[in-house]
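These notes are about the structure you will find just below.
What follows draws every value from the coordinates through simple rules; no lab data is involved. Please read these numbers as outputs of a predicted model, since none were measured by experiment. Cβ placement follows ideal geometry from the backbone for every residue including glycine, while neighbour counts extend to all protein chains displayed.
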Amino acid sequence: MKGAVIASEAEADKNSLTTGTLTTGDIENHANYEATTSGFGAELTYEGGKRLPGKEGSKASVAPAMPIGEDGSESGITKSAIAEGAVIITDEQGQLAATGKTAAETVESLDRDTDNAHQGALLRNPDLNEILAKQAELADAAA
């Protein structure tokens, strides 16, 4: 089991797992994100429906928009955990070969906290659409 949880809401005496060997491990989770908004604006002013170069009331301008960016990185750990109950490992020699521990040592070392198997900030990915919408609001306010 790598980063897996076997959970149960039943009483411990109702839970049983029988397997030949059992190995467990954690998974390290990482997420990196980047959202950037950029652009430019152009304006032409016409008088009477026609652009009149050099005449009062006619103008042209080009301006770059303020680039806005956001990035981040998050990480967390997903631990392996098995709910309280009987865990029976049937292949003692295979267990020793796989983990260097006896079946009893392996069962004793199991993490039984299934409610807190996910640790760290990476419980949900950032909402890039939300980030881009906020950037658009900032760009509109700056214009």
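Structural remarks
- Taking a straight line from the alpha carbon of residue 2, these aspartates and glutamates sit under 14 Å away, with near neighbours fewer than eight places off in the same chain left out: 26, 28, 111.
- Packing around the peptides 73-84, 100-111, 23-34, taken as the average count of other Cβ atoms within 10 Å per residue, puts them in this order, highest first: 73-84, 100-111, 23-34.
- Full-stretch length increase - residue 6, residue 136 - with 0.36 nm per residue and alpha-carbon distance subtracted: 42.4 nm
- Residues whose placed amide H lies under 5 Å from that of residue 120, excluding near-sequence neighbours: 77
- Across the range 96-106, coupling constants 3J(HN,Hα) worked out from phi with the 6.51/-1.76/1.60 Karplus curve, θ = phi - 60°, read 4, 5, 6, 10, x, 10, 6, 4, 5, 5, 5 Hz, and Gly and Pro carry x.
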